[in-house]
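*Asks:* Before we start, here is the structure in question, set down as structure tokens.
The values are calculated or read from the model by the stated rules, or taken from the named source; none is laboratory data. A quick note: this is a predicted structure, and the numbers were derived from the prediction, not measured. Every residue, glycine as well, gets a Cβ built from its backbone with ideal geometry; the counts of neighbours run over all protein chains shown. What goes into the accessible areas is simple: the full protein's heavy atoms, side chains included, and nothing from ligands, DNA or RNA. Shrake-Rupley method; radii C 1.70, N 1.55, O 1.52, S 1.80 Å.
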Amino acid sequence: MAKPYKKSSGKRSKARGGNIGRLSGIMRVPLDILFEIASHLEPLDILQLARTSKEYRRLLLSRKSRHVWVTARERIAPRPLLDPPEGLSEPLYAALLFEPTCMACGSRALTVDYALQVRFCRPCWKENIIPGKILAKEALEDYKLDDFFNLLPAEARLLPSRLGHRTLKKLKHPTVVDQHNTDRYYWIEFSAVAERFRQVCELRDDQAYKAFVVECVAATLARLNFHLRVVVWERERHIYRYTMVEHRLQEYGYKVEDYPPSDVDPQFHHLLWKARHMKPRTWKTIRPKIIEHLEVERSRREALKWTKRQDQLKDHYRSFRWSLGLGMPLSSSMEKHTLPNFRDALQLPCMATLLVARTPEVDITKKEFVSIKPTILAESQAYRARVRNDLVQIVVDRYPDKNTWDTATSSDVEGDDADVAAAQLRLLEDPATLFCCGLCGRSMSYLGILEHWQTIHGSTAWTPQHVRLPMARSVSRLLTALSQVSPGKTHSSLRRTLENGRVVCACGSDPLRRASGNAKAHLMLNMLQLKHVNSNLQAKHLISIRCIGE
């Protein structure tokens, strides 16, 4: 004999124990009082009560207790639940409708079909709901199947989870059954109907065959309409709960306009649209969660109010950086190239103060920004020192055996802080010291990484997790070769040399192609054309720099 359900290969979640023994006193309550109490519960509560003991199971699941289930079903808000179809008992009806448990494996299941009268998880649904042509090939291979696929309900094309407000208004109850072999059927019921179909066909009685078809089609139509009515009732119950939550939130001063959009905070709307009745205990449980989501949305909207002034401040800051010479030849002070990007600049006290100095509707004038320019340069010193420490630490973590770098990282060095800063700068200015952006993979000097963070990753806060040392050594070899041409060179001086001269190779090739001026230095520092140099720096690939005009 076939099993009623096919289990999927998924693991069943372990059941958790509840408050055992809390309701032991209810066993001594008279039956009439017990039935009166149970009739005020929801059907799911009665079902759970019946599972507490064998005595209650025998009592509440018997046919004599049907009036308790009916009364409880009629008291459900916002309107009474429909009567179950013929052949579906009240306990099974309650479990099918209210209990999100897979009938095959016992795991959580949200996919339900009230016409098929089954609820399965997704894996078990695929195991039990099978296309009709596959089932018919096994059970009815030698029979004519013109009418068969209308004799039992197929998988509903409209599930409760797919029903929206607009779909609810356009729903129409079917008046005819129009199903095909491509539809999916519950294999247990399909096998039972196929057996009856074979028996009727073997009688070779046209009148009995027609009566059988009419009876089954009528039952199928009734079950399809029942599924649709239950889906509509379920959706109305969701709306009823949503309305109750809305009224409760109004008492706390929240309006519908304060709700976050569903694409921004889907979990908030999941709390609002649950189908379970809104009891005082339920509200007490979900109220802190809902209010927390609303406060987060309020903070998000408050931040969006300042978007206009923030964009204006961003434009002023960009103009300020370019006016200092950023992106131009390195002929001015170092501070011009080591300012923070806009995301980090917003954390400077002067920038944060200017942003909220006036209401969000008032524009930030150029005069207001000019007044804080000196303060920006002064407050950027802390950012510059933090980034320099991070970069030095990255180098030391990779090469801990370099004793000459101890001074650059030691916090216990006796003497002025300027000595530590100078040691750090010497390490970073070494042509062999290069860094790689972890977000885009480009290799560059420490000056290049700072400029790169300003221009390319302006909306990303600085963090050393986004910077690493490059794996390839050809970049360092080329820069080392350039420094050997002019001993004592640093990244800054090499950049000036590249901007004012021409890099050539003994083999006659130009490693930087046709780039000139600042573009040449940019290509150099970002390592886009450095595969020209081989690993041994042979004589035919010796690098030299010629002044422009030679």
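*Asks:* How far, in nm, would the chain grow between Thr353 and Ser53 when pulled straight, counting 0.36 nm per residue and subtracting the alpha carbon separation?
*Replies:* 101.3 nm
*Asks:* Over region 26-99, what percent of the accessible surface lies on carbon and sulfur atoms, probe 1.4 Å?
*Replies:* 55
*Asks:* Also: Can you work out the PRE-style zone for Val176? Point 7 Å along Cα to Cβ, and I want the residues of region 187-209 with backbone N under 18 Å.
*Replies:* none
*Asks:* What is the distance in Å between the Cα centroid of region 207-263 and that of region 82-143?
*Replies:* A separation of 18 Å, based on Cα centres.
*Asks:* Still on this model: For Leu203, Leu228, Leu41, give the ranking by accessible area with the largest first, probe 1.4 Å.
*Replies:* Leu203, Leu41, Leu228
*Asks:* Students sometimes get this wrong: rank His67, His40, His293 by accessible area, probe 1.4 Å, all chains present, largest first.
*Replies:* His40, His67, His293
*Asks:* Counting only the heavy atoms of the protein chains, how much of Val256 is accessible to a 1.4 Å probe, in Å² to the nearest 10?
*Replies:* For Val256, the solvent-accessible surface is approximately 60 Å².
*Asks:* With r as the distance between the Cβ atoms of Ala218 and Ser262 and R0 = 60 Å, compute the FRET efficiency 1/(1 + (r/R0)^6) and round to 0.05.
*Replies:* 0.90
*Asks:* At a probe radius of 1.4 Å, what is the per-residue accessible area of Asp146, in Å² to the nearest 10?
*Replies:* 110
*Asks:* Also: At 0.36 nm per residue, minus the direct Cα-Cα distance, what do Thr71 and Arg384 gain on full extension? Give it in nm, one decimal, please.
*Replies:* Length difference between fully extended and current span is 105.3 nm.
*Asks:* Run the 1.4 Å probe and let me know the accessible area of Leu377, rounded to the nearest 10 Å².
*Replies:* So the heavy atoms of Leu377 present about 40 Å² to solvent.
*Asks:* With +1 on the Cβ of every Lys and Arg and -1 on the Cβ of every Asp and Glu, and nothing else charged, how large is the dipole of region 221-318 about its Cα centre, in debye rounded to the nearest 20?
*Replies:* So the dipole magnitude of region 221-318 works out to roughly 360 debye.
*Asks:* I'd like to check one number: the per residue accessible area of region 100-253, probe 1.4 Å, reported in Å² as a whole number.
*Replies:* So region 100-253 comes to 55 Å² accessible per residue, rounded to a whole number.
*Asks:* Could you please put Thr111, Thr307 in sequence from largest to smallest accessible area, using a 1.4 Å probe?
*Replies:* Sorted descending by solvent-accessible area, the residues read Thr307, Thr111.
*Asks:* Roughly how many debye, to the nearest 20, is the charge dipole of region 100-253 about its Cα centre, given +1 on each Lys and Arg Cβ, -1 on each Asp and Glu Cβ, and no other charges?
*Replies:* 860
*Asks:* Hey, another quick one. When the accessible area of region 246-306 is computed with all protein chains present and a 1.4 Å probe, what percentage of it is carbon and sulfur?
*Replies:* Of all accessible area on region 246-306, carbon and sulfur atoms account for 54 percent.
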